[in-house]
Amino acid sequence: MRHIKDPGQKHLFDPFERLFRLLATKIIQEGWQGLFRHVILELLPVQAIAGKFHPATGRPTRELYSMAGLIFISEFLDWTIEQAAQAYMFHTDIWYALNLTPGARSMSTRTIERYQRIFRENEPARQVMHDVTMRLVELLDQIITEQRLDSAHVFSNMAIYGRTRMIDVTFKKFLTRVKRHNKKVYESLPEELRTRTQLRKYARNSGSRIIFPSRCLLIHPMAR
């Protein structure tokens, strides 16, 4: 059975007034949590999720706006499933952002996985991004037609990444993480491989192409 609570519904008494001091209330209302609760939450694709549940039969679902919001926030903050479940149960600022009444609550990782699967199957992410962006533009009174197209700038930067340099940078980032998390494994690698994956200073001449080292010499030891 679907459980949907309108985010625009006002409380006669705000339950968070008893939970936070005046300074804390001001900070959370002016932070991203307040923006999420009062602007973004109502834009989330709850109907796409609700379609997976019977409107009146069966056990009530989690409040669907809060679950859609939790999935959105967990992606934004790059949380694991376990971190998202803990935030739903323990973090009072997340309760505020999701318009949840403070109190004891539970959340399993299996439940979050189920709602994530619903999001993936219905592919609402593109529509959410469009709706949220347009709403923020409206609230901020921005005229985006008079601003530059940053996508053109991004594509121009991507153009200089050929296959060789992409492999080189990818391996450098990978070995940096290995060095950070398991230094013994990193030090056991051949010194030639460690030095070869350092970012190089690519020579540039006016109007000329970037000069790369031999592709075979670069890729073969890395692949091994």
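The values are calculated or read from the model by the stated rules, or taken from the named source; none is laboratory data. What you are looking at is a predicted structure, and each value in this text was computed from that prediction instead of being measured. Note that each Cβ is placed from the backbone with ideal geometry, even for glycine, and that neighbours are counted across all protein chains shown.
All conditions but one from (1) among the aliphatic types (A, V, I, L, M); (2) touching a residue at least 12 places away in the same chain (Cβ under 8 Å); (3) not in a loop (DSSP other than H, G, I, E, B) apply to Ile4; the one that does not is (3).
Per-residue answers, yes or no, for (1) within 19 Å of the chain's Cα centre (by Cα); (2) in a helix (DSSP H, G or I); (3) in the same structural domain as His130 (by TED's automatic domain parsing):
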{"site": "Lys10", "(1), (2), (3)": "no, no, no"}
{"site": "Leu19", "(1), (2), (3)": "no, no, yes"}
{"site": "Gln29", "(1), (2), (3)": "no, yes, yes"}
{"site": "Ala48", "(1), (2), (3)": "no, yes, yes"}
{"site": "Lys52", "(1), (2), (3)": "no, no, yes"}
{"site": "Arg59", "(1), (2), (3)": "no, no, yes"}
{"site": "Ile71", "(1), (2), (3)": "yes, yes, yes"}
{"site": "Trp79", "(1), (2), (3)": "yes, no, yes"}
{"site": "Gln83", "(1), (2), (3)": "yes, yes, yes"}
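Annotation note: of Ala24, Ala68, the sole residue that is small (Gly, Ala, Ser) and closer than 26 Å to Ser108 by Cβ is Ala68.
Of all residues in the range 97-122, how many are part of a helix (DSSP H, G or I) and touching a residue at least 12 places away in the same chain (Cβ under 8 Å)? Of the residues in that region, 10 qualify. Considering the range 40-91, the residues that are in contact (Cβ under 8 Å) with a residue 40 or more places away in the chain and either touching a strand residue (DSSP E or B) at 6+ places or on another chain (Cβ under 9 Å) or among the aromatic types (Phe, Trp, Tyr) (or both) include one that is surrounded by the fewest Cβ atoms within 10 Å (Cβ to Cβ), namely Phe53.
Scanning the range 36-44 turns up at least one residue that is over 21 Å from Tyr115 (Cβ atoms) and at pLDDT 75 or above. Residue count for the range 47-73, restricted to those that are within 15 Å of Leu100 (Cβ to Cβ) and at pLDDT below 80: 1. Across the range 21-36, the qualifying residues are those that are in contact (Cβ under 8 Å) with a residue 60 or more places away in the chain and of a type in the set (A, V, I, L, M, F, W, C), and the one among them that is surrounded by the most Cβ atoms within 10 Å (Cβ to Cβ) is Phe36. Looking at Met129, Met89, just one residue is more than 19 Å from Val46 (Cβ to Cβ) and in a helix (DSSP H, G or I), and that residue is Met89.
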